[in-house]
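Undergrad: Before I ask anything, here is the structure I am working with.
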């Protein structure tokens with residue numbers, strides 16, 4: 001029987017690909033333009049923003065905002081290193097904690113699988129509240145003014161565990177686990193030697209999500225770190241404090257002069273803060289993009 005080929009199939013495919021490509025190109029430009037605007041505003045002069053506002057084509061360029069931030073010197077550099085340390089430590093510790101839990105509840109032969117699954121789901125629906133968390137972390141665990149206060153409270157996420165569990169169930173055949181068991185491997189060996197290499201995309205996906213979460217985190221420092229322990233401040237909390245100080249200075253100058261204060265310095269410094277925080281994420285994201293795409297989609301299809 002001869003194959004029937006429609007004469008317009010190839011043309012239809014090319015036309016569809018062109019439309020889809022154009023659509024995603026437009027969406028990419030729409031996403032990129034705000035980032036570009038933030039960077040341009042951060043290097044604009046105060047007079048340019050005062051006269052023309054936020055513009056892609058400022059009348060003057062200046063690095064005063066970055067000089068102001070770099071003026072903090074060692075204080076800002078130490079906060080940056082604190083954020084790097086907290087992010088890396090939390091990511092590694094979180095994976096060592098969540099991956100074995102997800103593997104255990106993904107195995108149908110695990111006796112307490114349903115119990116632990118329900119136990120993990122409860123925090124997603126009910127929470128003890130901020131006061132209860134604060135009392136446990138400070139009065140019971142004594143984590144106040146330590147790096148652990150910035151790491152342990154957000155170390156384990158039920159949502160990430162469920163992502164790992166679904167991937168383990170759908171992308172790793174039971175026959176592979178059974179074959180390893182017949183060869184005499186125990187579950188820790190099976191997980192490290194078989195499951196982890198196969199599940200590398202989803203593990204890297206969770207690692208990236210965990211990294212972004214802790215890199216952008218500043219609220220735990222507000223709760224658990226006192227003002228006399230500034231050496232523990234992460235970068236985001238330091239930038240938040242700088243922004244508050246700038247706002248306070250601007251308001252004081254307005255009240256003292258009786259005239260409208262110039263908001264340009266605060267605007268440029270805010271944008272420079274955004275660039276400093278977002279730049280490491282933008283640099284690392286392309287290297288992890290393939291893991292994010294694969295890890296979030298493969299586990300959703302059974303087969």
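The values are calculated or read from the model by the stated rules, or taken from the named source; none is laboratory data. Being a predicted model, the structure only gives us computed values, none of them experimental. Note that we place each Cβ from the backbone using ideal geometry, even for glycine, and neighbour counts take in every protein chain shown.
Undergrad: Output the residues belonging to segment 89-107 that are within 17 Å of residue 150 (Cα to Cα) and free of Cβ contacts under 8 Å to residues at least 60 places away in the same chain.
TA: Listed by number, the residues that qualify are 92, 97.
Undergrad: Could you list all residues from segment 154-176 that are in a helix (DSSP H, G or I), within 32 Å of the chain's Cα centre (by Cα) and over 21 Å from residue 94 (Cβ atoms)?
TA: Hit for segment 154-176 is 170, nothing else.
Undergrad: Among the residues of segment 84-101, is any part of a helix (DSSP H, G or I), closer than 30 Å to residue 192 by Cα and more than 20 Å from the chain's Cα centre (by Cα)? Full working, then the answer.
TA: The first filter runs over segment 84-101 and keeps only residues part of a helix (DSSP H, G or I), leaving 84-101.
Then drop every residue that is not closer than 30 Å to residue 192 by Cα, which leaves 84-101.
Now drop any that are not more than 20 Å from the chain's Cα centre (by Cα), which leaves 100-101.
Yes, segment 84-101 contains at least one residue that is part of a helix (DSSP H, G or I), closer than 30 Å to residue 192 by Cα and more than 20 Å from the chain's Cα centre (by Cα).
Undergrad: Further, regarding this structure: Quick check on segment 48-59: of everything there that is part of a helix (DSSP H, G or I) and touching a helix residue (DSSP H, G or I) at 6+ places or on another chain (Cβ under 7 Å), which residue is farthest from residue 237 (Cα to Cα)?
TA: Only one residue fits best here, namely 50.
Undergrad: Another one. Would you mind stating whether residue 124 is within 27 Å of residue 281 (Cβ to Cβ) and surrounded by fewer than 12 Cβ atoms within 10 Å (Cβ to Cβ)?
TA: Here the answer is yes, as residue 124 does meet what is asked.
Undergrad: Let me ask another. Filtering segment 112-153 down to residues that are part of a loop (DSSP other than H, G, I, E, B), farther than 23 Å from residue 87 by Cβ and modelled with pLDDT of 85 or more, which residue is nearest to the chain's Cα centre (by Cα)?
TA: The extreme case among them is 142.
Undergrad: Still on this model: Considering each of 72, 62, 106 in turn, give the residue that is surrounded by 12 or more Cβ atoms within 10 Å (Cβ to Cβ), out of contact with any helix residue (DSSP H, G or I) (no Cβ under 7 Å at 6 or more places or on another chain) and at pLDDT 80 or above.
TA: 62
Undergrad: Does residue 79 satisfy the criteria of being surrounded by 12 or more Cβ atoms within 10 Å (Cβ to Cβ), farther than 26 Å from residue 219 by Cα and within 22 Å of the chain's Cα centre (by Cα)?
TA: No; evaluated as a whole, the condition is false for this residue.
Undergrad: Which of the residues that make up segment 36-55 are at pLDDT 85 or above and loosely packed, with under 14 Cβ neighbours inside 10 Å?
TA: Matches in segment 36-55: 36 only.
Undergrad: Quick check, is residue 190 in a helix (DSSP H, G or I), in contact with a helix residue (DSSP H, G or I) (Cβ under 7 Å, 6 or more places away or on another chain) and free of Cβ contacts under 8 Å to residues at least 40 places away in the same chain?
TA: So residue 190 fits the description; yes.
Undergrad: What's the number of the condition residue 185 fails, among (1) over 27 Å from residue 219 (Cα atoms); (2) in a helix (DSSP H, G or I)?
TA: Failed condition: (2).
Residue by residue, here is whether (1) under 30 Å from residue 170 (Cβ atoms); (2) within 16 Å of the chain's Cα centre (by Cα); (3) exposed (fewer than 15 other Cβ atoms within 10 Å of the Cβ); (4) at pLDDT below 65 holds:
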position: 203; (1), (2), (3), (4): yes, yes, no, no
position: 233; (1), (2), (3), (4): no, no, no, no
position: 272; (1), (2), (3), (4): no, no, no, no
position: 280; (1), (2), (3), (4): no, yes, no, no
position: 285; (1), (2), (3), (4): yes, yes, yes, no
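Undergrad: On to the next question. From the list 137, 166, which residue is out of contact with any strand residue (DSSP E or B) (no Cβ under 8 Å at 6 or more places or on another chain) and surrounded by 18 or more Cβ atoms within 10 Å (Cβ to Cβ)?
TA: 137 is the lone residue from the list that is out of contact with any strand residue (DSSP E or B) (no Cβ under 8 Å at 6 or more places or on another chain) and surrounded by 18 or more Cβ atoms within 10 Å (Cβ to Cβ).
Undergrad: Restricting the first residue to segment 121-141 and requiring it to be closer than 18 Å to residue 159 by Cβ, which pairs with a second residue that is at pLDDT below 90 and assigned to a helix (DSSP H, G or I) meet a Cβ separation below 6 Å and a spacing of at least six or different chains?
TA: Hits for this filter: 123/158; 124/158.
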